[in-house]
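Notes to accompany the following structure.
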Amino acid sequence: MLTGIVNEIVWSKDNKVLVAVGEKACALNPETGSRTGDVLGATGKILCAVFTPENVLFSAGEGNEILRHDGVPFKGQGKPVKHPHTGFVNQMSLSPDKTKFATASSDKSICIFDAKSGEVIKHYAAAHAMGIYDLVWLNDQTFASASADNSVKLWSLESNEPKRTFETGQARDISRQLLALHYFQDENSLLGINLNSDFVWWSTEDQAPLTPSRVVPGHKDLLNSMLLEG
């Protein structure tokens, strides 16, 4: 059974297998709790993973490696995937059409991989001025990345340059480093969360300002209670 910190949980297409990754990795049947094979080979903490419709798991993290695990069941050591990253791989994200996945690294770069072959499709070598912590897909050809450089960038697979660069509208400092990102399709907006626990929104409409549409200060201590409206 998995012990220690869990950084991410990913599910198979049919929801019959889940894989939890962290200090180690474990594949489980969610109904019985039994193992569905071994996910081995990582030399450091696993920070992220994606599960393709073909039951292939790609994992990455602090070991500067991306591993391919064919399943299900998974059997032993993962196979190394060739990639240009030179630092931690902080996040992986599968595109909506499940044909490719993107990786964000502390080396300031982003890679796009073919989800079947594991081959690199595109490499954005200097995507940001500092490490990249998160990325999300807006559609099959467009994604956004969040960085320690206090910016969010919108990218198209058709170009090597960002379509738009969103700023926080605040002085750049460590507390404004953007750690997480979420896309609200119905609202055409991105939500970022920084190290200061602020919630920062940007509109992705073509003519919208590059500065935040809203900033909500987050909690600075433990939560004691919550209330559901309605």
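The values are calculated or read from the model by the stated rules, or taken from the named source; none is laboratory data. Quantities reported herein were computed from a predicted structural model and do not represent experimental measurements. Backbone-built Cβ (ideal geometry, glycine too); neighbour counts: all protein chains shown.
Yes or no, residue by residue, for (1) surrounded by fewer than 20 Cβ atoms within 10 Å (Cβ to Cβ); (2) under 25 Å from Ser145 (Cβ atoms); (3) under 19 Å from the mean Cα position of the chain (by Cα); (4) outside the structural domain of Ala127 (by TED's automatic domain parsing):
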site: Val6; (1), (2), (3), (4): yes, yes, yes, yes
site: Ala27; (1), (2), (3), (4): no, no, no, yes
site: Ala42; (1), (2), (3), (4): no, yes, yes, yes
site: Lys45; (1), (2), (3), (4): yes, yes, yes, yes
site: Ala49; (1), (2), (3), (4): no, yes, yes, yes
site: Pro53; (1), (2), (3), (4): yes, yes, yes, yes
site: Ala60; (1), (2), (3), (4): no, yes, yes, yes
site: Ser105; (1), (2), (3), (4): no, yes, yes, no
site: Lys108; (1), (2), (3), (4): no, yes, yes, no
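Consider Lys116 carefully, then state whether it is without any contact (Cβ under 8 Å) to a residue 60 or more places away in the chain and either under 18 Å from the mean Cα position of the chain (by Cα) or not assigned by TED's automatic domain parsing to the domain that holds Gly4 (or both). Spell out how you get there, then give the answer.
Working: without any contact (Cβ under 8 Å) to a residue 60 or more places away in the chain: no; either under 18 Å from the mean Cα position of the chain (by Cα) or not assigned by TED's automatic domain parsing to the domain that holds Gly4 (or both): yes.
No.
Given the condition touching a strand residue (DSSP E or B) at 6+ places or on another chain (Cβ under 6 Å), in a strand (DSSP E or B) and in contact (Cβ under 8 Å) with a residue 24 or more places away in the chain, answer yes or no: does some residue in the range 200-214 qualify? Within the range 200-214, one or more residues are touching a strand residue (DSSP E or B) at 6+ places or on another chain (Cβ under 6 Å), in a strand (DSSP E or B) and in contact (Cβ under 8 Å) with a residue 24 or more places away in the chain.
State whether one or more residues within the range 216-223 are part of a loop (DSSP other than H, G, I, E, B), modelled with pLDDT under 95, among the acidic types (Asp, Glu) and exposed (fewer than 10 other Cβ atoms within 10 Å of the Cβ). Break it down stepwise before answering.
At the first step, the residues of the range 216-223 found to be part of a loop (DSSP other than H, G, I, E, B) are 217-223.
Retained after the next criterion (residues that are modelled with pLDDT under 95): 217-223.
So of that shortlist, the ones also among the acidic types (Asp, Glu) come out as 221.
Right, trim to exposed (fewer than 10 other Cβ atoms within 10 Å of the Cβ) and you get 221.
Within the range 216-223 (the criterion being part of a loop (DSSP other than H, G, I, E, B), modelled with pLDDT under 95, among the acidic types (Asp, Glu) and exposed (fewer than 10 other Cβ atoms within 10 Å of the Cβ)), the answer is yes, since at least one residue qualifies.
In summary, Gly33 fulfils each of the numbered conditions (1) surrounded by 14 or more Cβ atoms within 10 Å (Cβ to Cβ); (2) over 25 Å from Trp137 (Cα atoms) with the single exception of condition (1). Considering Asp134, Asp149, which residue is outside the structural domain of Cys48 (by TED's automatic domain parsing) and under 14 Å from the mean Cα position of the chain (by Cα)? Every option except Asp134 fails the conditions. In the range 123-173, of all residues being out of contact with any Lys or Arg (no Cβ under 9 Å at 6 or more places or on another chain), surrounded by 14 or more Cβ atoms within 10 Å (Cβ to Cβ) and of a type in the set (D, E, K, R), the one that is modelled with the highest pLDDT corresponds to Asp134. Any chance you could count how many residues in the range 174-193 are within 16 Å of Ala148 (Cα to Cα), in contact (Cβ under 8 Å) with a residue 24 or more places away in the chain and either of a type in the set (Ser, Thr, Tyr) or touching a Ser or Thr at 6+ places or on another chain (Cβ under 7 Å) (or both)? Total meeting the criteria: 2.
Could you please find all residues in the range 41-76 being of a type in the set (S, T, N, Q) and out of contact with any Gly (no Cβ under 8 Å at 6 or more places or on another chain)? Scanning the range 41-76 gives a single hit, Thr52. When residues in the range 68-95 are screened for being at pLDDT 95 or above and out of contact with any strand residue (DSSP E or B) (no Cβ under 6 Å at 6 or more places or on another chain), 4 of them pass. Quick check, is Ile121 over 14 Å from the mean Cα position of the chain (by Cα), over 26 Å from Ser197 (Cβ atoms), of a type outside the set (D, E, K, R) and assigned to a strand (DSSP E or B)? The answer is yes for Ile121.
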